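Engineer: Let me give you the structure first, and then I'll get to my questions.
Here, each number is a calculation from the coordinates, and none is a lab measurement. The model shown is predicted, which means the values in this text are computed figures rather than measured ones. With ideal geometry, Cβ positions are generated from the backbone for all residues, glycine too; neighbour counts draw on all protein chains shown.
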Amino acid sequence: MGLILQYFGDFTEPQLQQFAALDELYTDWNSKINVISRKDIDSLYLNHVLHSLTIAAFVEFKPGMEIIDIGTGGGFPGIPLAIFFPEVQFHLVDSINKKLKVVAGVAEAIGLKNVTTQHTRVEEIKNRKFDFAVSRAVAPLRSLLQWSNPLVRKGHDLEHANGLICLKGGDLAAEISETKARPHVVSIYDIFPEEYFQEKFLLHVTR
Ligand SMILES: C[S@@+](CC[C@H](N)C(=O)[O-])C[C@H]1O[C@@H](n2cnc3c(N)ncnc32)[C@H](O)[C@@H]1O
């Protein structure tokens with residue numbers, strides 16, 4: 001993990017300890033509640049932590065921002081991003097409550113104060129606004145846009161371009177053509193040279 005983190009620059013000691021604790025915590029929780037496939041748990045840092053952090057390589061969330069993670073499952077990308085950006089608030093949402101039990105357990109064990117969880121279908125959330133929505137491996141772009149648009153504040157200028165940032169695989173061209181969106185698409189392999197991840201693309205749709 002040390003080598004992976006070096007890519008992103010300097011971390012505080014508490015952040016390094018939080019990242020280091022994830023392996024044992026997820027292995028432990030996963031033996032009780034399955035949130036990560038058995039094959040993937042052995043490569044947690046690569047397949048889940050590093051993959052989630054590709055978002056941090058692409059966008060710098062500013063202190064005080066509020067981010068919603070749609071369909072967080074076991075906490076990805078929300079938990080690694082919350083460690084990375086300790087002054088940003090992360091709201092992690094999933095429609096399966098037992099997964100959120102793992103998320104809350106992990107967040108509490110490593111003392112993450114900037115994470116809240118909510119058990120709901122995201123389309124049920126009303127009267128809340130966020131600066132960005134993030135999501136990995138959850139739904140077609142069409143649905144992600146439908147769900148995130150009412151929840152995300154409009155950006156004021158390019159630097160503060162809010163919107164949806166999602167990690168996706170599959171037939172991207174077909175998914176994009178179903179929408180009116182013109183997302184900024186980045187291949188993960190422009191950021192990291194090795195071909196490891198299923199969700200190979202990072203999409204940013206500006207609001
Ligand atoms: C394939 S899992 C991905 C989990 C996590 N984002 C990750 O990358 O490891 C998809 C998750 O999205 C959740 N989900 C799907 N539709 C949802 C909705 N409408 N509202 C909230 N959660 C949803 C599912 O319960 C599931 O946990």
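Engineer: Out of the stretch 113-132, which residues are buried (at least 20 other Cβ atoms within 10 Å of the Cβ) and farther than 15 Å from Leu145 by Cα?
Structural biologist: Step one: of the stretch 113-132, the residues buried (at least 20 other Cβ atoms within 10 Å of the Cβ) are 115, 117, 122, 130-132.
Of everything in the stretch 113-132, those that are buried (at least 20 other Cβ atoms within 10 Å of the Cβ) and farther than 15 Å from Leu145 by Cα turn out to be Val115, Thr117.
Engineer: Moving on to the next point. Can you say whether Phe90 is near the ligand (Cβ under 10 Å from one of its atoms), surrounded by 23 or more Cβ atoms within 10 Å (Cβ to Cβ) and not in a helix (DSSP H, G or I), as far as the supplied structure shows? Before you say what the answer is, go through the steps one by one.
Structural biologist: Values: near the ligand (Cβ under 10 Å from one of its atoms): no; surrounded by 23 or more Cβ atoms within 10 Å (Cβ to Cβ): yes; not in a helix (DSSP H, G or I): yes.
Spelling it out, it is not the case that Phe90 is near the ligand (Cβ under 10 Å from one of its atoms), surrounded by 23 or more Cβ atoms within 10 Å (Cβ to Cβ) and not in a helix (DSSP H, G or I).
Engineer: Filter the stretch 20-36 down to residues that are assigned to a loop (DSSP other than H, G, I, E, B) and more than 21 Å from Phe201 (Cα to Cα), then give me how many there are.
Structural biologist: The first filter runs over the stretch 20-36 and keeps only residues assigned to a loop (DSSP other than H, G, I, E, B), leaving 33-36.
In the following step, the residues that additionally are more than 21 Å from Phe201 (Cα to Cα) were identified as 33-35.
Adding up the residues that qualify gives 3.
Engineer: So, one more: Out of Thr27, Thr72, I need the residue that is hydroxyl-bearing (Ser, Thr, Tyr) and in contact with a strand residue (DSSP E or B) (Cβ under 7 Å, 6 or more places away or on another chain). Which one?
Structural biologist: On the way: Thr27 fails: in contact with a strand residue (DSSP E or B) (Cβ under 7 Å, 6 or more places away or on another chain).
Only one candidate passes the filter, namely Thr72.
Engineer: Could I ask something else about it? Suppose the filter is touching a strand residue (DSSP E or B) at 6+ places or on another chain (Cβ under 9 Å), away from the ligand (no atom under 16 Å from the Cβ) and not polar (S, T, N, Q); does Gly78 pass it? First the steps, then the outcome.
Structural biologist: Numbers: touching a strand residue (DSSP E or B) at 6+ places or on another chain (Cβ under 9 Å): yes; away from the ligand (no atom under 16 Å from the Cβ): no; not polar (S, T, N, Q): yes.
Considered against the rule, which asks whether it is touching a strand residue (DSSP E or B) at 6+ places or on another chain (Cβ under 9 Å), away from the ligand (no atom under 16 Å from the Cβ) and not polar (S, T, N, Q), Gly78 comes out as no.
Engineer: I'm trying to understand the selection: among the residues of the stretch 37-49, which are within 13 Å of the ligand (Cβ to nearest atom) and part of a helix (DSSP H, G or I)?
Structural biologist: Once the filter is applied, which keeps residues that are within 13 Å of the ligand (Cβ to nearest atom) and part of a helix (DSSP H, G or I), the stretch 37-49 yields Asp40, Ile41, Leu44, Asn47, His48, Val49.
Engineer: Now a separate question. Which one is surrounded by the most Cβ atoms within 10 Å (Cβ to Cβ) among residues in the stretch 61-75 that are within 16 Å of the ligand (Cβ to nearest atom) and not in a loop (DSSP other than H, G, I, E, B)?
Structural biologist: Going residue by residue through the stretch 61-75, those that are within 16 Å of the ligand (Cβ to nearest atom) are 67-75.
Pick out the ones that are also not in a loop (DSSP other than H, G, I, E, B) and you get 67-70.
Details: Ile67: 24, Ile68: 28, Asp69: 30, Ile70: 27.
If we take residues in the stretch 61-75 being within 16 Å of the ligand (Cβ to nearest atom) and not in a loop (DSSP other than H, G, I, E, B), then Asp69 is surrounded by the most Cβ atoms within 10 Å (Cβ to Cβ).
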